[in-house]
1. For Glu238, are the conditions met, namely being outside any loop (DSSP other than H, G, I, E, B), over 24 Å from the mean Cα position of the chain (by Cα) and at pLDDT 95 or above?
2. Determine, yes or no, whether Thr140 is surrounded by fewer than 14 Cβ atoms within 10 Å (Cβ to Cβ), in contact with a Gly (Cβ under 6 Å, 6 or more places away or on another chain) and not assigned by TED's automatic domain parsing to the domain that holds Ala258.
3. Test each condition in (1) in a strand (DSSP E or B); (2) not assigned by TED's automatic domain parsing to the domain that holds Lys50 for Asp186 and report the one that comes out false.
4. Looking at this structure, is Gly199 of a type outside the set (A, V, I, L, M, F, W, C) and touching a Ser or Thr at 6+ places or on another chain (Cβ under 7 Å)?
5. Check the stretch 112-126 and report whether any residue there is touching a His at 6+ places or on another chain (Cβ under 8 Å) and either within 13 Å of the ligand (Cβ to nearest atom) or among the hydroxyl-bearing types (Ser, Thr, Tyr) (or both).
6. Can you name the residue in the stretch 234-280 that is surrounded by 14 or more Cβ atoms within 10 Å (Cβ to Cβ) and either β-branched (Val, Ile, Thr) or outside the structural domain of Ala214 (by TED's automatic domain parsing) (or both) and is also farthest from Thr173 (Cα to Cα) among such residues?
7. Looking only at the stretch 36-60, which residues are free of Cβ contacts under 8 Å to residues at least 40 places away in the same chain, touching a helix residue (DSSP H, G or I) at 6+ places or on another chain (Cβ under 9 Å) and under 18 Å from Ala23 (Cβ atoms)?
8. Picking from Ser249, Ser259, which residue would you name as being closer than 30 Å to Asn153 by Cβ and modelled with pLDDT of 95 or more?
Amino acid sequence: MEYFNPGDLNEAYEILMKYGDAAIPVAGSTFFMGHREELFDEVDAVVNIKRLGLSYIRLEKGRLCIGATTTLAELHRTGLTAKGPFRIFAETVRELKIMEVRNAATIGGEVCIAGEVDMPTTLLAYDADIVIGSRNGTRTVSMSEFHKGYLKNALQTGEMVIEVQVPEPGRRTGGGFAKFERTAADLPIVNAAVRLTLGRGDRCSDARVAVGAATVSGIPQRADAAEKVLLDGTLDDERIRKAAAASNSIECVNDFRASAELRTLWVECAVEDAIRKALTHAGEEK
Ligand SMILES: Cc1cc2nc3c(=O)[nH]c(=O)nc-3n(C[C@H](O)[C@H](O)[C@H](O)COP(=O)(O)OP(=O)(O)OC[C@H]3O[C@@H](n4cnc5c(N)ncnc54)[C@H](O)[C@@H]3O)c2cc1C
C-alpha cells in the first residue's frame, strides 16, 4: 500500500485516476484506520486529501457550502451554524460526544460512509447536494441519489467528494435531530433528522423526516408516511405522535447492536423528539 500526500486537487485527481479502483482518498482516517484490514486490503494507493484547500464553510448564493475535508468540530464551531437556519448542523455534531473523533472526522468521510453516522441523515432532511470532482471536472448529485447502499455511492473511478451544499431553508423553518446509541463512545443505533416549515395559521407547509443508522438498506431514508401525516396540519401532540408512529414503515436492521424490534421503537422515539425540536426552532425563526 502506497501513501500519497498531494498539495493540490489536480495532483490528487491524477493519482486517483492512475490507480483507478485500487486508490482511495482518506480525510480524517477515523473509519479507514479502524477498518483497514477488513475493508481496504486490496487498496494500493491511499491519497491524503487534507492539503487540497477543501476545509472551509461559507454562505454562497443562499447555500451553505462545506468543503469535503471540513471536520465535524469546525462545523460545530462556525458562527454559521451557531444559530439561524443551519443550527441543526451544530446540533447534530453536538450529539457526537467523542472530541477526538469530532476533531478528525470530516463531512466528506461521513457522507461517503453513510451507514452508522449522523450527518448524512441531517443532510438528507435538508435536501443537500454533493459536489463530486475528478480530472474531468465537477458534477453535482443530490443527497437522495448519492447513496446506493452501505459504503456504495455514486462516485466513479477517479472521483471524490469535494463539497457539500445545503440550500438555505425558507422562512419559519426549523430542524431537529435526535439519536440513540449504546454508550457515548459508540456509533449511533438510530438517528432521526426533521425539517419543518410553518405556513398560514401555523400549519405545516413542508416537512422532511429522515431516519439513519437503523435501516436495512444501510443508508438514511425518508420516512414518507410520517411526512404525509405532518403536512398541511396543525402540529398538536396528537399529530406529532401519529407522525412518529408512522415512521415504523422504515424497515430496521437486526444486528449485534440492537434488534430490529428495538430499533423500530427507537426510530419512533427519535422521530418524535426531532419533530418537537424542529417545531420549537421553526417557531423561533422569522
Ligand atoms: C469510536 C467512534 C465513534 C464514532 N461515533 C460517531 C457518531 O456517533 N456519529 C457520527 O456521525 N460519526 C461517528 N464516528 C465517525 C464515523 O464513524 C467515521 O469514522 C467518520 O465519519 C469518517 O470520517 P473520516 O473523515 O475520518 O473518513 P476516512 O476514515 O478518512 O474515510 C472513510 C471512507 O470515506 C472515503 N472518503 C473520505 N473522504 C472522501 C472524499 N472526500 N471523497 C471520497 N471518498 C472519501 C474513504 O475512502 C473511506 O472509504 C465515530 C468514529 C469512531 C472511531
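1. Values: outside any loop (DSSP other than H, G, I, E, B): yes; over 24 Å from the mean Cα position of the chain (by Cα): yes; at pLDDT 95 or above: yes.
Considered against the rule, which asks whether it is outside any loop (DSSP other than H, G, I, E, B), over 24 Å from the mean Cα position of the chain (by Cα) and at pLDDT 95 or above, Glu238 comes out as yes.
2. On the way: surrounded by fewer than 14 Cβ atoms within 10 Å (Cβ to Cβ): yes; in contact with a Gly (Cβ under 6 Å, 6 or more places away or on another chain): no; not assigned by TED's automatic domain parsing to the domain that holds Ala258: yes.
Judged against the criteria, Thr140 is not a match.
3. Asp186 satisfies every listed condition except (1).
4. The answer is yes for Gly199.
5. Yes, the stretch 112-126 has at least one match.
6. Val253
7. Glu42
8. When all the criteria are applied, what remains is Ser259.
The values are calculated or read from the model by the stated rules, or taken from the named source; none is laboratory data. If you're wondering where the values come from, they're calculated on a predicted model, not measured in any experiment. Glycine gets a Cβ as well: all are built from the backbone with ideal geometry, and neighbour counts include every protein chain shown.
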